[in-house]
Amino acid sequence: MIKRIVILLLLLSTSFTVQSQVIKNLDSLDVWKLIDKVFIDHNLDNYSLRLFSNYKVKQFRIKNEDGFKSRYVPNNKFGLGFGFASSKLLIDIAFNLKTNKENITKRFDMQGTTILGKKNYVNFYVQTYRGFNVRNNFDEPFVFRDDIKSVTVGFNVLHTIPDIEFSYSMLKAGVDNLDRKVYITGGFGAFGFYDYFSAGGNILEDPNDDYFNESAHIKRYNSSAIGVLAGVMSVFKLPYNLTASCNIMPGIGIMHKHVTLEHGTYRPSKPMIYKMDYTFAMGYNTKRYYLSLIYGGGVYSTDLGYQNNYKFNLTKAKLAIGYKIGSGKRTVYYK
């Protein structure tokens with residue numbers, strides 16, 4: 001199932017962000033009218049070509065109550081790419097830079113955002129990694145292990161109480177036709193994900209036996225989760241053609257977890273999962289050019305039992321410069 005999702009998303013793009021609308025009477029619209037309504041911006045002044053550099057990473061760690069932790073960090077986190085954008089659609093295609101050619105992390109990392117209708121903010125991610133640096137905080141040597149792999153697929157949906165009048169997705173596309181200095185909206189929603197990691201043997205290095213108990217000697221970990229979240233989205237119009245944005249979405253949920261050890265299996269008894277998603281953005285916009293800098297991610301934490309805790313982090317950053325195809329006064333339509 002995961003392979004099918006990855007193949008489908010690869011065909012679409014490496015980084016895909018869409019702003020769309022909820023279509024009410026789908027039966028009355030043919031496919032081309034639907035595409036036109038959802039994806040096509042008829043105002044040329046809203047279109048731009050863009051170049052960007054990005055940073056994407058999923059890392060995780062195991063920590064015990066004594067404070068000892070083993071962290072798993074991939075290589076080749078940076079990329080370069082190009083794309084185009086409008087008020088309804090943003091497509092970026094990135095190429096991963098193999099800065100570390102000896103210890104290569106094989107990876108697919110897609111993170112996207114869409115706005116459905118006037119009240120639904122959705123973001124999703126699909127990530128597969130193989131090859132991690134194993135780091136610790138107890139002075140043992142760091143090593144790279146190409147037998148460790150990770151798969152994470154998930155989504156967040158925030159249904160806002162007032163309408164979403166402006167979001168950082170438009171800031172990314174260089175569209176900042178703001179009528180007010182401050183836009184703030186918030187609401188409630190849900191999230192869900194599947195998370196997996198495994199190793200050829202023990203995920204811990206041999207010297208770690210002195211710091212972790214046997215229940216941390218994990219060979220494979222499977223989990224799925226569903227939960228509720230709350231969130232606040234804000235955009236601020238600043239002097240000197242600057243725009244800032246901040247989104248915060250904490251959440252809590254329940255998980256089904258299964259841990260396979262070198263010798264045996266167990267299911268952690270505490271099902272709770274706690275998360276915090278965040279996005280910070282800054283944009284500079286002129287008549288012909290725009291510059292956007294975005295940093296965001298999520299932190300997810302759960303109890304593995306036997307005095308061990310598991311946490312994974314999703315992090316992304318992007319610096320983009322865009323050239324606007326149209327000229328003159330730009331108009332943004334909110335339908």
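The values are calculated or read from the model by the stated rules, or taken from the named source; none is laboratory data. Model, not experiment: these values are computed from the prediction. Counting neighbours? That spans all protein chains shown, and the Cβs are built from the backbone with ideal geometry, glycine included. The area values use the complete protein model at the heavy-atom level, side chains included, leaving out ligands, DNA and RNA. Shrake-Rupley method; radii C 1.70, N 1.55, O 1.52, S 1.80 Å.
Residues in segment 95-142 that are assigned to a loop (DSSP other than H, G, I, E, B) and of a type in the set (G, A, S): G117 only. Given the conditions (1) basic (K, R); (2) buried (at least 16 other Cβ atoms within 10 Å of the Cβ); (3) free of Cβ contacts under 8 Å to residues at least 40 places away in the same chain, which single one is not true for K237? Unmet for K237, out of (1) basic (K, R); (2) buried (at least 16 other Cβ atoms within 10 Å of the Cβ); (3) free of Cβ contacts under 8 Å to residues at least 40 places away in the same chain: (3). Consider segment 203-227 and keep the residues that are loosely packed, with under 15 Cβ neighbours inside 10 Å and free of Cβ contacts under 8 Å to residues at least 40 places away in the same chain. The one that is farthest from I115 (Cα to Cα) is D210.
Here S13 fulfils each of the conditions (1) polar (S, T, N, Q); (2) surrounded by fewer than 20 Cβ atoms within 10 Å (Cβ to Cβ); (3) at pLDDT 70 or above; (4) closer than 22 Å to A317 by Cβ apart from (3).
Candidates are the residues of segment 283-306 that are within 19 Å of I252 (Cβ to Cβ) and more than 23 Å from the chain's Cα centre (by Cα); the one that is surrounded by the fewest Cβ atoms within 10 Å (Cβ to Cβ) is G305.
Going through (1) at pLDDT below 90; (2) open to solvent by less than 60 Å² (accessible area, probe 1.4 Å) one by one, Y310 falls short only on (1).
Pairs linking a residue in segment 138-153 that is more than 20 Å from F212 (Cα to Cα) to a residue that is part of a loop (DSSP other than H, G, I, E, B) and open to solvent by less than 30 Å² (accessible area, probe 1.4 Å), with Cβ atoms under 9 Å and 6 or more positions apart or on different chains, are D146/T105; D147/A199; D147/G201; K149/A199; S150/P74.
Residues in segment 93-123 that are surrounded by 19 or more Cβ atoms within 10 Å (Cβ to Cβ) and closer than 25 Å to S198 by Cα were compared, and the one that is modelled with the highest pLDDT is T105.
Residues satisfying the criterion are present in segment 195-213 (criterion: among the charged types (D, E, K, R) and either modelled with pLDDT of 95 or more or within 24 Å of the chain's Cα centre (by Cα) (or both)). Quick test of your reading of the structure: L80 fulfils all but one of (1) more than 30 Å from R288 (Cβ to Cβ); (2) surrounded by fewer than 18 Cβ atoms within 10 Å (Cβ to Cβ). Name the failing condition by number. The one condition L80 does not meet is (1). Consider K63 carefully, then state whether it is open to solvent by 20 Å² or more (accessible area, probe 1.4 Å), at pLDDT 85 or above and out of contact with any helix residue (DSSP H, G or I) (no Cβ under 7 Å at 6 or more places or on another chain). Yes, satisfied. Return yes or no: is L90 in contact with a strand residue (DSSP E or B) (Cβ under 6 Å, 6 or more places away or on another chain), surrounded by fewer than 18 Cβ atoms within 10 Å (Cβ to Cβ), at pLDDT 65 or above and not acidic (D, E)? So L90 fails the test.
For A230, the requirement of being at pLDDT 90 or above and crowded, with 16+ Cβ neighbours inside 10 Å is not met.
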